[in-house]
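The values are calculated or read from the model by the stated rules, or taken from the named source; none is laboratory data. Bear in mind that the values here come from a model prediction, so they are computed numbers and not experimental data. Positions of Cβ are generated from backbone atoms using ideal geometry, with glycine treated the same way; all protein chains shown enter the neighbour counts. We work out accessible area using only protein heavy atoms, side chains counted, and drop any ligands, DNA or RNA first. Shrake-Rupley method; radii C 1.70, N 1.55, O 1.52, S 1.80 Å.
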Amino acid sequence: AQSVTQPDIHITVSEGASLELRCNYSYGATPYLFWYVQSPGQGLQLLLKYFSGDTLVQGIKGFEAEFKRSQSSFNLRKPSVHWSDAAEYFCAVGTPSYSGGGADGLTFGKGTHLIIQP
Amino acid sequence: DAMVIQNPRYQVTQFGKPVTLSCSQTLNHNVMYWYQQKSSQAPKLLFHYYDKDFNNEADTPDNFQSRRPNTSFCFLDIRSPGLGDAAMYLCATSRDMEDTQYFGPGTRLTVL
């Protein structure tokens, strides 16, 4: 079974500083990889995803992530954070269906809580 | 413009009193999912429908059931809610397998 590790429970960054959130996955083949953001009391919003191709993917709100197969990682980055980026960030892994007719849900990491200092 | 709609956004029920949460989608997606997210935890998949085919996760309690009467709607029924079932319940949809999942805003369930 696949698993996702987000080693940082909390990260504090000053507004305007760069950001990197770590994500490592465990899966036998190349998974589908996602980053979602969740504001308090809200649902999940997709930031970006990797299915195949270029290992550096661009997302919304100025975020990007890089898939590194050798490190089983999919770290999220942003060059300059804004106060509105404060939220919970979830990395998730999806796997192709084995049956050909169904679909698998996502396996989420435990999340990283991002705090922005003025 | 909302694509995945969940009603109600907040639900309060009493211990042991059945409750139903609703999810609808305007995307005409084949797959609909229900996740449970407890406070400060990651979302956990409960079950999903691929069209009319129901797929239950192995560790989902029998207390949780689901119905999908048509493509647009999917319901989560909790037959006898316990205090431990208080959580945010998230509905998601995807066009097909391997496609991106789009989430609704969630329903926060409180059990008194």
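For the options B:99, B:51, B:85, a Gaussian network treatment of chain B with springs between C-alpha atoms closer than 10 Å singles out B:99 as fluctuating the most. Normalised by the number of residues in chain B, the mean separation of alpha-carbon contacts (under 8 Å, six or more apart) gives a relative contact order of 38 percent.
Among the protein heavy atoms, those of residue B:49 account for about 20 Å² of accessible surface (1.4 Å probe, every chain in place). Considering only A:67, A:51, A:34, the Gaussian network model of chain A with Cα springs below 10 Å gives its largest mean-square fluctuation to A:51. Take the Cα of residue B:96, go 7 Å toward its beta carbon, and the backbone nitrogen atoms of the range B:19-43 under 20 Å from that spot belong to B:26-33. Taken along its three principal axes, the alpha carbon spread of chain A comes to 50, 31, 23 Å, from the longest extent down to the shortest.
Please compute, for peptide A:106-113, the average count of beta-carbon atoms on other protein chains lying within 10 Å of each residue's beta-carbon. Across the residues of A:106-113, the mean count of other-chain Cβ atoms within 10 Å is 4. Taken residue by residue and averaged, Cβ atoms of other chains lying within 10 Å of the Cβ of B:29-37 number 3. Quick one: net charge of residue B:110's neighbours, Cβ under 14 Å, K/R +1, D/E -1? Here the charged neighbours net out to +3.
If the viscosity is 0.692 mPa s and the temperature 37 °C, what translational diffusion coefficient in µm²/s does Stokes-Einstein give for chain B when Rh comes from Kirkwood over Cα pairs? Result for D is 236 µm²/s. The distance between label points at residue B:26 and residue B:3 comes to 1.2 nm (points 7 Å beyond Cα on the Cα→Cβ vector).
Heavy-atom accessible surface of the protein assembly as shown, averaged per residue, reaches 48 Å², computed with a 1.4 Å probe. Across the range A:67-77, coupling constants 3J(HN,Hα) worked out from phi with the 6.51/-1.76/1.60 Karplus curve, θ = phi - 60°, read 8, 10, 4, 5, 9, 6, 10, 8, 7, 9, 9 Hz, and Gly and Pro carry x.
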